[in-house]
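Here the structure comes first, spelled out in structure tokens, and everything after it is commentary.
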Amino acid sequence: QVQLVESGGGLVHAGGSLRLSCAASGVTLSRTTMGWFRHAPGKERVFVAAFTRSGGTTYAEFVKGRFTISRDNAKNMVYLQMDSLNAEDTAVYYCAADSSRRGSSRPALYDYWGQGTQVTVSS
């Protein structure tokens, strides 16, 4: 049974940083593409960052240079380092797994999702 559990969200001032963690079980990260998405109130769930099929990384334009996705395969952990946060980054952040390793930005192509962690940035 696949389980993804996010943590690390919270309240931060604009310009601050947070590091989100995603603990994965029931999957082998080296054989699974992992991604981060976010869902802000009144908006659709959108892509934030992911590992590509070749093992590289890809980011949404609005987080490039500010967010960094990383992983520790030995610990089955995925991380999202978020720097220079602003109020527009306020959202629930979700970790997701694509067992077909497509490395897509489309939420519909991800098989498994965590419960989300709230990030609130005060301006």
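What residue, of Ser70, Ser21, is surrounded by fewer than 15 Cβ atoms within 10 Å (Cβ to Cβ), of a type in the set (S, T, N, Q), part of a strand (DSSP E or B) and in contact with a Phe, Trp or Tyr (Cβ under 8 Å, 6 or more places away or on another chain)?
One residue alone meets the criteria, Ser70.
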Note on Ser54: of the conditions (1) hydroxyl-bearing (Ser, Thr, Tyr); (2) in contact with a strand residue (DSSP E or B) (Cβ under 9 Å, 6 or more places away or on another chain); (3) outside any strand (DSSP E or B), unmet is (2)
Return the pair list, or none, for Cβ contacts closer than 7 Å from residues in the stretch 71-88 that are within 29 Å of Val2 (Cα to Cα) to residues that are of a type in the set (Lys, Arg) and open to solvent by less than 70 Å² (accessible area, probe 1.4 Å), at least 6 apart or on different chains. Met82/Arg66
Can you list residue pairs whose Cβ atoms sit under 6 Å apart, with the first residue in the stretch 17-36 being within 20 Å of Thr90 (Cβ to Cβ) and the second being of a type in the set (Asp, Glu) and open to solvent by 30 Å² or more (accessible area, probe 1.4 Å)? Count only pairs 6 or more apart in sequence or on different chains. Ser17/Asp83
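The values are calculated or read from the model by the stated rules, or taken from the named source; none is laboratory data. Computed from a predicted model, the values in this text were never measured in an experiment. Neighbour counts run over all protein chains shown; Cβ positions are idealised from the backbone, glycine included. Ligands, DNA and RNA are stripped out before the accessible areas are found, and what is left, the full protein with its side chains, is counted by its heavy atoms. Shrake-Rupley method; radii C 1.70, N 1.55, O 1.52, S 1.80 Å.
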